[in-house]
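Worksheet: one structure, shown below.
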Amino acid sequence: MITLYQPPPAWGLPSLSPFCTKVETYLRMVDLPYRTRGGDPRKHPKGKLPWIDDDGRTISDSSDILDHLNARLGDPLDGALDHSQRALAHLARRTVEEHLYWCLVYARWVDPGGFSFTREAFEKLLPPVIGKLLVHQVIRKKIVGALHGQGLGRHARADIYRRGCEDLTAIAVLLGEQPYFLGPNPTSIDASLYALTGGIWLHPADNPMKQHMAALPNLVAYSERMHNRYFGERPPGGTVP
């Protein structure tokens with residue numbers, strides 16, 4: 001039994017963290033038994049979530065986790081992909097995980113409309129007396145600093161959302177009318193794409209990225225298809241046989 005350490009579900013999404021959502025989605029895609037547990041990133045050497053315990057072995061970072069599981073399972077989702085498909089998946093993954101992700105961070109932690117939902121979700125996880133202070137003065141301040149250090153946070157609101165919309169358009173164009181990003185069958189890139197596009201579409205806050213995504217019906221259908229296939233009948237969290 002694999003134990004996945006991650007924040008709890010929120011807003012209908014498997015986790016507050018897109019990278020944790022990515023790992024839990026992959027575990028369901030390959031039908032691996034697992035259970036979820038809360039985890040304190042301060043107690044982990046890399047200082048972040050997710051991580052898994054796989055028979056006593058600890059692996060962190062979502063990409064390293066998937067590489068570990070692929071090696072263990074013989075690459076069940078991507079084994080038939082050719083070099084061009086693997087290259088396209090690599091570029092798409094980098095786009096959503098290294099750029100679109102930061103646009104989502106802005107939408108959740110900086111934009112007041114999104115932060116109101118983020119604050120509410122995180123305050124439930126923290127001690128009642130100091131929870132509000134921690135969210136505002138510690139967690140939010142740290143994340144805003146990381147966003148500024150990454151570079152995206154130095155831009156104006158309209159520019160940040162414009163860049164995120166450009167990413168969504170590119171993914172929608174490449175997706176086309178295919179049910180999954182690389183064709184008729186899901187592959188590991190779909191875990192990453194769903195984690196980010198679903199994280200935008202299923203989040204209750206309205207913002208220019210969500211509005212833009214609404215004008216990309218194939219991307220909306222894709223995100224809902226992934227969600228319904230892997231989480232529609234089995235809610236996220238808990239123990240999955």
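How much mean residue ellipticity at 222 nm does the chain get from its helices, if each DSSP H run of length 4 or more adds -39500 (n - 2.57) and you divide by all residues, to the nearest 500 deg cm²/dmol? Display every interim value, and only then the final one.
Numbers: 10 runs with 124 residues, N = 241.
For the chain, the value works out to -16000 deg cm²/dmol.
Would you mind estimating how fast the stretch 100-192 diffuses translationally, via Stokes-Einstein at 4 °C and 1.567 mPa s with the Kirkwood radius over Cα pairs, in µm²/s? Each step should come with its number before you reach the end.
On the way: Rh = 15.3 Å.
Using the Kirkwood radius from Cα pairs, D works out to 85 µm²/s.
How much length is gained if the chain between residue 40 and residue 129 is pulled fully straight, taking 0.36 nm per residue apart and subtracting their Cα-Cα distance, in nm to one decimal? Before the final figure, lay out each step's value.
Values: separation 89, 0.36 × 89 = 32.04 nm, distance 1.91 nm.
Value of the extension gain: 30.1 nm.
Go ahead and run the numbers for FRET between residue 64 and residue 139, Cβ-Cβ distance against an R0 of 35 Å, rounding to 0.05.
Working: r = 24 Å, r/R0 = 0.69.
FRET efficiency, residue 64 to residue 139: 0.90.
Pop a pseudo-label 7 angstrom from the Cα along the beta-carbon direction at both residue 91 and residue 78 and give the gap in nm to one decimal.
Result for the modelled spin labels: 1.6 nm.
Say each of residue 221 and residue 148 gets a label point 7 Å from the Cα, pointing the same way as Cα to Cβ; how far apart are those two points in nm?
4.4
From largest accessible area down, sort 30, 135, 129, 144; use a 1.4 Å probe on the protein chains. Don't skip to the end; give the middle numbers.
Values: 30 30, 135 0, 129 135, 144 60 Å².
Descending order: 129, 144, 30, 135.
Size of the chain along its principal axes in angstrom, Cα-based, largest extent first?
Sorted largest first, the three principal extents are 50, 43, 33 Å.
Of all DSSP beta bridges located in the chain, what percent are antiparallel, nearest 5?
Around 75 percent of the beta bridges assigned by DSSP in the chain are antiparallel ones.
How charged is the neighbourhood of residue 182? Take every other residue with its Cβ under 11 Å from the Cβ of residue 182, and add Lys/Arg as +1 and Asp/Glu as -1.
On the way: positive: 86; negative: 78, 82, 190.
Taking every Cβ under 11 Å from that of residue 182, the sum is -2.
Give me the lysines in straight-line cross-link reach of residue 210: C-alpha distance below 30 Å, same-chain residues under 8 apart excluded.
22, 48, 124, 132, 141, 142
At a 1.4 Å probe radius, which order do 3, 58 fall into by accessible area, largest first?
On the way: 3 5, 58 80 Å².
Listed by decreasing accessible area, they come as 58, 3.
Using heavy-atom solvent-accessible surface (probe 1.4 Å) with all chains present, what is the largest-first order of 226, 29?
On the way: 226 0, 29 20 Å².
Ranked from most to least accessible, the order is 29, 226.
The values are calculated or read from the model by the stated rules, or taken from the named source; none is laboratory data. Just so we're clear, the structure is a prediction, and the values are computed from it rather than from any experiment. Here the Cβ is made from the backbone with ideal geometry for all residues, glycine too, and neighbour counts use every protein chain on show. What goes into the accessible areas is simple: the full protein's heavy atoms, side chains included, and nothing from ligands, DNA or RNA. Shrake-Rupley method; radii C 1.70, N 1.55, O 1.52, S 1.80 Å.
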